[in-house]
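One structure is given here, and the rest of the page talks about it.
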Amino acid sequence: MPTTAKQDRAATLVLKLPTSVLDALEHRAERTGSSATDLARLAIEAWLEAQRRSDVAEELRDYAERMAGTEADLDPDLEAAGIENWLENVPKQDS
């Protein structure tokens, strides 16, 4: 199973897992026809990407809080137009 990240040189990581986690990982690997190593690598890559996205979101929130009320703050008319556009394009949910 190919990794989702750019192919870097490989390094080895020795990791101790609870037996129940290793058993579940091996079971999933067998069911998917992948190796446990590939699944573990993909899970780590996905977790790291989620952490990166969370960090970016936090940095954006911090920036927005620092810039609120300054000249760098979003123009109120532009903000209102953006909200209006978003509301017009939000998919309707079935009740």
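Figures for the structure shown
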{"quantity": "Residue-wise HN-Hα coupling along region 36-45, computed from phi with Karplus coefficients 6.51, -1.76, 1.60 (Hz; x: Gly, Pro)", "calculated": "4, 4, 4, 5, 5, 4, 4, 5, 5, 4"}
{"quantity": "Cα-projected label distance for W86 with T37, points at 7 Å along beta-carbon direction, nm", "calculated": "4.5 nm"}
{"quantity": "Kirkwood Rh and Cα Rg combined as Rg over Rh, evaluated for the chain", "calculated": "1.21"}
{"quantity": "Computed lengthening from R61 to Q93, 0.36 nm per intervening residue step minus Cα-Cα distance", "calculated": "8.7 nm"}
{"quantity": "L15/E49 FRET efficiency (R0 25 Å; Cβ-Cβ; nearest 0.05)", "calculated": "0.85"}
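Read the figures in this text as sums done on the coordinates, not as results from a lab. Fair warning: this is a prediction, and the values are worked out from it, not measured in the lab. So basically every Cβ, Gly included, is an ideal-geometry build from the backbone, and we count neighbours across all protein chains shown.
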